[in-house]
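**Q** Below is a structure I'd like to ask you about.
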Amino acid sequence: MQTALTRLLGIQHPLICPGMSYIATPELVAAVSNAGGLGILASGPLSAADTRAAIRRIRELTDRPFGIGCTLMMPGAADNARAALEERVPVINYSLGKGDWIAEAVHDYGGKVIATVVTEKHAISAEKSGADALLVTGHEAAAHGGNVTSLVLIPAIRKASRLPIIAAGGFADGNSLIAALALGADAVAMGTRLAMTRESPVHAKTKDMIRERGVADTLYSKNFDGLWCRVMDTPAARRACRKPLGLLPAAFRASQMARRMGMPVMKMAIGGMISQPQALRQLALFGAATESIRLAIQEGDHMKGVQLIGQAQGLIEDVPTVAELFERVMAEAAACKLRLSEL
């Protein structure tokens, strides 16, 4: 199936693996790209050196297009983006920040830029800043989806922008792919669905929990990491979402994560206090949440860990390979198109 997005990126299927922290590893990214989609590496938990090594590992595993995700509000994100630019990564997906400098550098070597957006205003700004495509994240998505559901947000942004759209939030099968295309999208990102594949590094215990959950078994709160965020409904998540974490404990946990990632903690903190104290608070909350996310994904620890998850978890019943999943999704999409044509 070819769309404006597949033609832009040179891929076979309009299926995308977004850059999910601790999940979109080189192995999963390469598996998605090898299966005909576009895998996007998560750089959030990585240092610049780790990012460079991960990019080179992906290139050992696939010769097909792939991307890297950079959440620009996160500490170290600009360094990770520069590493990706130096490595000439084919696609860079940025979010939570201004990416005009990324777009200019990527276009210099012929790459493409995807901007993650949640409003029409964001979409218009991204297009002016040089983005080649938009990843539109609806309310149903894991982590930081928008306030508006995909059903309404996709056509709203389709009216606001001419760029190809990747729809994210609630997409897990071929029927939802066709629905996204009908709404004006050109591809879908299936983060929750791809987290439930054999190549995904998500802990087996966590995969079992996802399979058991329904579409309503999530929490949506601003208290977990400082931004509105969707997580799996567990006792640990309820505790984490009960009230905002204080600045001092958040800063302590964030400093622990910064040291683990080899970041200059004091330099970052002093600079933040002087220039952007509110941004420093958000960084502290992000850093504090990162360890909880890692525990759930890597260790299957749901006494302390919190799993970012979309409402699509309730649609998932198995753990196929990425190639098996994509074959199934495209067959479902073809059957759906046929059924609609007969109405």
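The values are calculated or read from the model by the stated rules, or taken from the named source; none is laboratory data. Predicted model, so just to flag it, every value in this text is computed and none were measured. Here the Cβ positions follow ideal geometry from the backbone for every residue, glycine too, while neighbour counts run over all protein chains shown. For accessibility, only protein heavy atoms count, side chains too; no ligands or nucleic acids. Shrake-Rupley method; radii C 1.70, N 1.55, O 1.52, S 1.80 Å.
**Q** Quote to one decimal, in nm, the extra length available between ASP63 and GLN298 on full extension: 0.36 nm per residue of separation minus the C-alpha distance between them.
**A** Result for the pair: 81.9 nm of gain on full extension.
**Q** Could you rank the peptides 220-227, 315-322 by their average count of other C-beta atoms within 10 Å per residue, with the highest value first? Please report the intermediate quantities before stating the final value.
**A** Numbers: 220-227: 18.8, 315-322: 15.9.
Answer by packing, highest mean first, reads 220-227, 315-322.
**Q** Quick one: net charge around GLY10, please, counting Lys, Arg +1 and Asp, Glu -1 for every other residue with C-beta under 11 Å from its C-beta.
**A** Net of charged neighbours comes to +3.
**Q** Put a dot 7 Å past each Cα toward the Cβ at ARG198 and ARG56; how far apart are the dots in nm?
**A** 3.0 nm
**Q** For ASN223 and LYS159 in one chain, what is 0.36 nm times their gap in residues minus the Cα-Cα distance, to one decimal in nm? Don't jump to the answer; show the numbers that get you there.
**A** Numbers: separation 64, 0.36 × 64 = 23.04 nm, distance 3.28 nm.
Roughly 19.8 nm would be gained on extension.
**Q** Quick check: residue separation of LEU340 and ASN147 times 0.36 nm, minus the Cα distance between them. What number comes out in nm?
**A** Computed gain between LEU340 and ASN147 is 66.5 nm.
**Q** Rank these by accessible area, largest first, 1.4 Å probe: ASP50, ASP108, ASP186.
**A** Correct descending sequence by accessible area is ASP108, ASP50, ASP186.
**Q** So if we plug the beta-carbon distance of GLU212 and ASP108 into 1/(1 + (r/R0)^6) with R0 = 56 Å, what FRET efficiency do we get, rounded to 0.05?
**A** 0.70
**Q** So, one more: Per DSSP H run of at least 4 residues, take -39500 (n - 2.57); add these up for the chain, divide by its residues and hand me the 222 nm value, nearest 500 deg cm²/dmol.
**A** -14500 deg cm²/dmol
**Q** If you don't mind, there's one more thing I want to ask. Aspartates and glutamates near LYS243 by alpha-carbon distance under 19 Å, same-chain residues fewer than 8 away left out - which ones?
**A** ASP225, ASP233, GLU291
**Q** Something else about it: For the chain, what proportion of DSSP beta bridges, expressed in % and rounded to the nearest 5, is antiparallel?
**A** About 20 percent, rounded to the nearest 5.
**Q** Show the residues, 5+ positions off or on another chain, whose built amide H is closer than 5 Å to the amide H of CYS70.
**A** The answer is ASN93, TYR94, SER95.
**Q** Select one label from (1) 0.93; (2) 0.97; (3) 1.07: the one whose number is Cα Rg over 2.2 N^0.38 Å as derived from the coordinates shown.
**A** Structure-derived value, by its label: (1).
**Q** Cα centroid distance between region 1-48 and region 107-141, in Å?
**A** 16 Å
**Q** GNM on the chain, C-alpha springs below 10 Å: top fluctuator among GLY170, GLY214, GLY130?
**A** GLY214
**Q** Oh, and also: Local charge sum around ALA48 (other residues, Cβ-Cβ under 12 Å, Lys/Arg +1, Asp/Glu -1)?
**A** Numbers: positive: ARG52, ARG82; negative: ASP50, ASP79, GLU86, GLU87.
In short, -2.
**Q** So, one more: Using the structure shown, select from LYS121/LYS304; LYS121/LYS205; LYS98/LYS159 the pairs with a Cα to Cα distance greater than 28 angstrom.
**A** LYS121/LYS304; LYS121/LYS205
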